[in-house]
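A.B. asks: Following this message is one structure expressed as structure tokens.
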Amino acid sequence: MKSVYIINGFLESGKTEFISYTLSQPYFQTKGTTLLILCEEGEVEYDSDILKRSHTVVELVEDEEEMTSAKMIELEKKHKPERIIIEYNGMWNFKNLRMPWHWRLEQQITIIDASTFQNYYTNMRSLLAEMLRKSELIIFNRCDGLIDQLGSYKRNVKAVNPQAEIIFEDKNGEVSQIFEEDLPYDLKDEELKLDDYGYGIFYLDAMDHLERYIGKKITFVAMVLKPENSGGTYFVPGRMAMTCCADDMAFLGYACKYDKCGELENKDWVEVTATVHKEFWKDYNGEGPVLHALRVSPTKKPKDEILNFA
């Protein structure tokens, strides 16, 4: 069986850059030949040095009618590749692709230029849907200046392929974005009762989208941290978290105003009910999330004291 990887997307969506990057990675410097079948020629050309280092040979198939099983077998016999990458033409209907029976599709990836997505979604939805339907990974690149639209783009894609993993990238790399529909709680609820996972998501999301939480009542279990300079007017309820490995631990918590701080001890476990506000806080060097405690009650230590984001 021959392992096949299909990279599809419309012209100038960034397919060539993605494949070039993949071929240049150390993990792709494997034994045997890689056959790269190009179904269109874009403005970006493949670097001959990258092709040489990755033992990649390129074959161009310009007409959809030529992209037959017989043609693919002919190219396989010619090059005897260990693996095959197909850079598919986005203007060809993907459902018409028929591979040889002994070619096994390992992964299908769709590359989308976010700046042109709405135009293609409006005017070429059927072609786009065929691309997306069986893709395991969908990468939106060139997302600069489009943060507000990414939520609707994700919903559009999920309507076609609910199982797909979707990644958004701008010029600085992957966009770290938590969309409202992905939150493990409903922001319409009068009170958010956060479990361990929910608290971790709240902590991260409130950094970037504090407006979602202003005035909201939240309840969560936390460990008490009493900073030396708190003056008995506030404490920091939070959780220790493993952010990438056992050696990388951090305390995740926001300042919480509480008029009975004197009754608390460091490392006590408490259940906190508080409202979320946006206020200036010296430790933030500006405005940020500040909790106003409504109730702080002793509680038992949770089974898993450490949140795991690794």
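The values are calculated or read from the model by the stated rules, or taken from the named source; none is laboratory data. Note that the coordinates shown come from a computational prediction; the quantities given were computed from them, not determined experimentally. Please note: Cβ atoms are built from the backbone with ideal geometry, for glycine as well, and neighbour counts cover all protein chains shown. Protein only, heavy atoms only, side chains kept; ligands, DNA and RNA dropped before computing areas. Shrake-Rupley method; radii C 1.70, N 1.55, O 1.52, S 1.80 Å.
A.B. asks: Go through (1) under 25 Å from Leu132 (Cβ atoms); (2) outside any loop (DSSP other than H, G, I, E, B); (3) modelled with pLDDT of 95 or more for Val57 and report which single condition fails.
C.D. replies: Result: Val57 fails condition (1) only.
A.B. asks: Kindly indicate which of Leu225, Leu204, Leu252, Leu307 is free of Cβ contacts under 8 Å to residues at least 60 places away in the same chain and open to solvent by less than 50 Å² (accessible area, probe 1.4 Å). Step through it out loud before you land on a result.
C.D. replies: On the way: Leu225 fails: open to solvent by less than 50 Å² (accessible area, probe 1.4 Å); Leu204 fails: open to solvent by less than 50 Å² (accessible area, probe 1.4 Å); Leu307 fails: free of Cβ contacts under 8 Å to residues at least 60 places away in the same chain.
On inspection, the qualifying residue turns out to be Leu252.
A.B. asks: Now a separate question. Taking Ser13 as meeting all but one of (1) exposed (fewer than 14 other Cβ atoms within 10 Å of the Cβ); (2) under 21 Å from the mean Cα position of the chain (by Cα); (3) part of a loop (DSSP other than H, G, I, E, B), write down the number of the exception.
C.D. replies: (1)
A.B. asks: Still on this structure: If you go through the stretch 122-169 one residue at a time, how many are free of Cβ contacts under 8 Å to residues at least 40 places away in the same chain, among the polar types (S, T, N, Q) and within 18 Å of Gln107 (Cβ to Cβ)?
C.D. replies: Total satisfying the criteria: 2.
A.B. asks: Kindly list, by first and then second residue, each pair from a residue in the stretch 9-21 that is among the acidic types (Asp, Glu) to a residue that is modelled with pLDDT of 95 or more, limited to pairs with Cβ atoms under 7 Å and residues at least 6 apart or on different chains.
C.D. replies: Final answer for the pair search is Glu12/Asp113.
A.B. asks: Any residue at all in the stretch 49-60 that is over 16 Å from Asn8 (Cβ atoms), charged (D, E, K, R), in contact (Cβ under 8 Å) with a residue 40 or more places away in the chain and open to solvent by less than 50 Å² (accessible area, probe 1.4 Å)?
C.D. replies: No, because not a single residue in the stretch 49-60 is over 16 Å from Asn8 (Cβ atoms), charged (D, E, K, R), in contact (Cβ under 8 Å) with a residue 40 or more places away in the chain and open to solvent by less than 50 Å² (accessible area, probe 1.4 Å).
A.B. asks: If Gly198 meets every condition in (1) without any contact (Cβ under 8 Å) to a residue 24 or more places away in the chain; (2) touching a His at 6+ places or on another chain (Cβ under 8 Å) apart from one, which number is that one?
C.D. replies: Failing condition for Gly198: (2).
A.B. asks: Right, here's the next one. Taking the conditions exactly as written (modelled with pLDDT of 95 or more, more than 24 Å from Ile167 (Cβ to Cβ) and of a type in the set (A, V, I, L, M, F, W, C)), does Ile84 satisfy them or not? So that I can check it myself, show each step before the final result.
C.D. replies: Working: modelled with pLDDT of 95 or more: yes; more than 24 Å from Ile167 (Cβ to Cβ): no; of a type in the set (A, V, I, L, M, F, W, C): yes.
In short, no.
A.B. asks: OK, next. What are the residues in the stretch 31-48 that are surrounded by 12 or more Cβ atoms within 10 Å (Cβ to Cβ), over 17 Å from His79 (Cβ atoms) and in contact (Cβ under 8 Å) with a residue 24 or more places away in the chain, if any? Give the derivation first.
C.D. replies: Of the stretch 31-48, the ones surrounded by 12 or more Cβ atoms within 10 Å (Cβ to Cβ) are 33-42, 44, 46-47.
Narrowing the set further to residues that are over 17 Å from His79 (Cβ atoms) leaves 40-42, 44, 47.
Answer for the stretch 31-48, where residues must be surrounded by 12 or more Cβ atoms within 10 Å (Cβ to Cβ), over 17 Å from His79 (Cβ atoms) and in contact (Cβ under 8 Å) with a residue 24 or more places away in the chain: Glu40, Gly42, Val44, Asp47.
A.B. asks: Another question, then. So the check is Cβ under 8 Å with 6+ separation or different chains; which pairs have a first residue in the stretch 87-110 that's aromatic (Phe, Trp, Tyr) and a second one that's part of a strand (DSSP E or B) and open to solvent by 20 Å² or more (accessible area, probe 1.4 Å)?
C.D. replies: Between residues of the stretch 87-110 that are aromatic (Phe, Trp, Tyr) and residues that are part of a strand (DSSP E or B) and open to solvent by 20 Å² or more (accessible area, probe 1.4 Å), the close pairs are Trp103/Lys2.
A.B. asks: On to the next question. Go through the stretch 268-304 and count every residue that is farther than 25 Å from His209 by Cβ, surrounded by 13 or more Cβ atoms within 10 Å (Cβ to Cβ) and either of a type outside the set (A, V, I, L, M) or at pLDDT below 90 (or both).
C.D. replies: 4
A.B. asks: From the list Glu169, Glu180, Glu174, Glu191, exactly one residue is in contact with a strand residue (DSSP E or B) (Cβ under 8 Å, 6 or more places away or on another chain), open to solvent by 20 Å² or more (accessible area, probe 1.4 Å) and modelled with pLDDT under 85. Which is it?
C.D. replies: Values: Glu169 fails: modelled with pLDDT under 85; Glu180 fails: in contact with a strand residue (DSSP E or B) (Cβ under 8 Å, 6 or more places away or on another chain); Glu191 fails: modelled with pLDDT under 85.
From the options Glu169, Glu180, Glu174, Glu191, the qualifying one is Glu174.
A.B. asks: Is it true that Arg104 is in contact with a helix residue (DSSP H, G or I) (Cβ under 8 Å, 6 or more places away or on another chain), among the charged types (D, E, K, R) and open to solvent by 40 Å² or more (accessible area, probe 1.4 Å)? Quick ask: steps written out before the conclusion?
C.D. replies: On the way: in contact with a helix residue (DSSP H, G or I) (Cβ under 8 Å, 6 or more places away or on another chain): no; among the charged types (D, E, K, R): yes; open to solvent by 40 Å² or more (accessible area, probe 1.4 Å): yes.
The answer is no for Arg104.
A.B. asks: Still on this structure, please answer the following. Which residue, of Gly215, Gly238, is open to solvent by less than 30 Å² (accessible area, probe 1.4 Å) and at pLDDT 90 or above? Please lay out each step first, then the result.
C.D. replies: Details: Gly215 fails: open to solvent by less than 30 Å² (accessible area, probe 1.4 Å).
None of the other options fit; the residue is Gly238.
A.B. asks: Could you list, in sequence order, the residues of the stretch 132-149 that are modelled with pLDDT under 90 and within 15 Å of the chain's Cα centre (by Cα)?
C.D. replies: The answer is Ile147, and nothing else.
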